[in-house]
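Down below is the structure, laid out as C-alpha cells.
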Amino acid sequence: MRWWAASGLVATLLAAGPPAGAQDVHEWILWDPSPEQPEDVEDGPAWGPPPPSFNGTSTVLVEWHADNRNGDPRDDDYGDAISRTQLVLEGGGWYASTRLDGVFFRDAPHDGARRDDLRVERVALGTEQQIGAFRLGVEAGDLYAQLGRGLVLSLRQMDELGVDVALRGAKVELTLPGDAWRMTVLGGVTNSVNLEMQRLHFVEDPVDAVAGARAEGRAGATTIGVHGAGVRAREAGVFGNDHTASFGGGVDTELGDATVGVEIDGQTRRRAGIHDDGWAAYATATLPIGDRVFLLAELKHYASFEAMRGSTSTGDRLPFGYSLPPTAEPEDQELLDNTDITGGRILADVVVPWGDSTADVSLGLFRDRRFDQWFAHAVGSLERRWESGVSAEVAAGYRREWDVATGDLRRAILAIGGDLTVPISGAWSVHGAVRDETHAEAVGQVRHVFHRGTATLEAQSGEDLAVAGGFEWDTQGDVEGVADTFAFGLVRWRASDALTLSGLFGTQRGGVKCLGGVCRTAPPFAGARLDASLRF
C-alpha cells in the first residue's frame, strides 16, 4: 500500500543520491563462452569478451537553513553543499569502482558537529570467473553483505534514512553450477558514510572488526544453509571491547505453489563486561490462491536476540547496528523494540473482480516482553485504475499498544490517506496525495492526542517536468514559538537523459522516519534546497 505517497513525492523529487541503479556496481558482465558458441559467425556479431565500459554519476546538493522554529538555534542560519561522485569501470568479468564524497559548510554553528570534509569512499575491486566446475567471485575494498535474512549480518545502504555502512575488507564466494552448492566467506572492518544526513553531523568511521561465513546447498526446490558472523567493537570500555557472535541456519522450499522458509539463530554477546545469550526463530510462507489472491504469513520469536552492535556513532550517539532482523510489520512502522518479542502477521493482496483494482490487508499481533505490552496493527488499501488514465487509492490503518497486565492504552495511531492522479491533456497530469495520523499517547494519567500529516498537489508533464506544493502539520509539541504547520514548493526538471535539476523552498516538518525497523529523527527544515544529478 502507498500511505507514503504524500511524503514520498518530496523524496522522489529531491533525492540526493544518484539515479536508480547507478550505485549498483556489482552488476558486471561475466564473459563465459560455451563450446556451442561458434568461433566465427558470418555477418553476425563477433564472439568475445565485452569491451571495457566506464560510467558514473555525480550529484550536488546545496542548502540554506533558515530558522526552522524548533527551539534549537544550533540548526539555524547556515549553508551547506554536499557532493557525491561515483565512478565505475567494468568489463571482462572485472569491475572497479570508487566514490568521492564532499561536504562544505558556511556559517555553521561552532559546536564541532558539522565540519568540512572531502574524501575518497567506497573503493572496490571485484571479479567473477569460471575455474573448472566452480564459479569464483572475489570482491575487495568496500562492499555490502547480508547473510541469510539479515538476522546475523546485514551491511547495507538505505538512502531514505541516510544509512550507509560497508565492510572494508574482502568477500570470496565459490559456487557450483546451477547453484547446487555455495560457500561465502567475508571479513574486514566497518566503514560508515561520514555524514549523518538528518542533522548533517560528522561521523567517524567505526572500524569495528567483522567476520562471517555461509554455506548452502540446493536439492530440487529445497535450499539448506548455515551461517555465522561475529562483531568486535573497536572502542574499549572499562571491561574491554564488546563483542557479539550470531550463528544458525535455515531452510527454504517449495510445496506446490506455496513457498516456505524458516531460519533459526543463536547469539552470544558481551556488553559492558556482562555475558548474555539469545536466540531467534523466523518463518515465512507465501501462497497464491488462483489468479486473484496472494497470501503472505510471517512469524517471529526473538528471545533476547539483539542487533549486532558496534561502536557508538559520533553522529547520533547511538551504537552502529550490523544486523537487521525482519520486523513482520509495515515497512514504515516505528518500533519500540525488536529484540524480545513474539508475534506475526498475515498479508493478503487481492485483485478485485471489478475494474482494474487491487486491495491489500495486513493484520498483525505481537507481544513485547521487554516493555511488557501487546501491540497490534490492521492496515488496508484499495487502488483503482481506469482506462482514461485516472487512478485513485484510499488507505487506512490502526495500531494499538496496551499494557499486558492492566490492558491500559499506551499508544494508538489511526492513519488515513489517499491519492488521486488525473490526466489533463497531452503529457500533463495532476497528482494529489494526503495522509493524516492521529496519535493518542498515555502520559501519566493524561491521554495526549496530536496529529501529523502531509498534503501535496503536483502537476507533471511526462517524466520531464514536475511542479508541486505541499502543506504539513505536527501538533505533538504544542509549545509557543515552535512551528506546528509547514508549507513548501518544489520543482523538478529533467533537462536531458543525463541531467536532472530540482529545487525546494519553504518549510517541512521533521520527526521520526523508519524503514524496516531502522529509525532516524530529523529536525524540521526551513530554507531552500537545490539538487543537480548528472549521469555520464
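Structure above, values below:
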{"read-out": "Segment 265-317: C-alpha gyration tensor shape, a/c 1.5 cut-off, then a/b vs b/c", "value": "oblate"}
{"read-out": "Only Lys, Arg (+1) and Asp, Glu (-1) charged, at Cβ; the chain dipole about Cα centre in debye", "value": "1100"}
{"read-out": "Radius 10 Å from Cβ of residue 138, net charge of other residues (Lys, Arg +1; Asp, Glu -1)", "value": "-2"}
{"read-out": "For segment 143-244, average projected area of the Cα convex hull in nm²", "value": "8.1"}
{"read-out": "Residue-normalised accessible area of the chain, given per residue in Å² at a 1.4 Å probe", "value": "49"}
{"read-out": "Per-pair calculated FRET efficiency, R0 = 35 Å: residue 224 and residue 204 via Cβ, rounded to 0.05", "value": "0.30"}
{"read-out": "Cα→Cβ-extended label distance, 7 Å offset, between residue 337 and residue 447, nm", "value": "2.5"}
{"read-out": "Segment residue 262-residue 176, length gained on full extension (0.36 nm per residue, minus Cα span)", "value": "28.6 nm"}
{"read-out": "Inter-part distance where segment 162-241 and segment 349-417 are each reduced to a Cα centre, Å", "value": "34"}
{"read-out": "Net charge, residue 448 excluded, C-beta distance under 11 Å - Lys, Arg +1, Asp, Glu -1", "value": "0"}
{"read-out": "Where a label projected 7 Å from the Cα of residue 521 along Cα→Cβ would reach, residues of segment 469-483 with amide N under 17 Å", "value": "474-479, 482-483"}
{"read-out": "P(r) histogram, all alpha-carbon pairs of segment 495-536 included - 10 Å bins from 0, percent", "value": "23, 30, 35, 13"}
{"read-out": "For the chain, calculated [θ]222 nm from helices alone, where every DSSP H run of n ≥ 4 adds -39500 (n - 2.57)", "value": "-500 deg cm²/dmol"}
{"read-out": "Counted charge near residue 390, where neighbours are those whose Cβ lies closer than 14 Å (Asp, Glu -1; Lys, Arg +1)", "value": "-3"}
{"read-out": "Solvent exposure, largest accessible area first (probe 1.4 Å, DNA, RNA and ligands not counted), of 398, 144, 302", "value": "398, 144, 302"}
{"read-out": "Set of segment 203-243 residues, backbone N closer than 11 Å to the point 7 Å along the Cα-Cβ line of residue 254", "value": "220-222"}
{"read-out": "Modelled FRET efficiency - R0 35 Å, residue 106 with residue 157, Cβ distances, 0.05 increments", "value": "0.80"}
{"read-out": "Stretchable slack from residue 363 to residue 239, in nm (0.36 nm times residue separation minus alpha-carbon distance)", "value": "40.2 nm"}
{"read-out": "Globularity index of segment 66-168, i.e. its alpha-carbon radius of gyration over 2.2 N^0.38 Å", "value": "1.52"}
{"read-out": "Surface/4 of the Cα convex hull for segment 427-536, nm²", "value": "9.3"}
{"read-out": "The chain - percent relative contact order, Cα under 8 Å, separation 6 or more", "value": "12"}
{"read-out": "Accessible carbon and sulfur surface of the chain relative to its total accessible area, %, 1.4 Å", "value": "60"}
{"read-out": "R0 of 22 Å, Cβ-Cβ distance residue 77-residue 478: FRET efficiency to nearest 0.05", "value": "0.30"}
{"read-out": "Gained length - residue 425 relative to residue 146, 0.36 nm times residue gap less alpha-carbon distance", "value": "95.8 nm"}
{"read-out": "Binned Cα-Cα distance frequencies in segment 177-330 - 5 Å width, integer %", "value": "2, 8, 14, 15, 16, 15, 12, 8, 6, 3, 1, 0, 0"}
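The values are calculated or read from the model by the stated rules, or taken from the named source; none is laboratory data. Worth saying up front: this structure is predicted, and the values here are computed from it rather than measured. Virtual Cβ from ideal backbone geometry, glycine too; neighbours counted across all protein chains shown. Side chains are part of the model used for accessible areas, which takes the heavy atoms of the whole protein and leaves out ligands, DNA and RNA. Shrake-Rupley method; radii C 1.70, N 1.55, O 1.52, S 1.80 Å.
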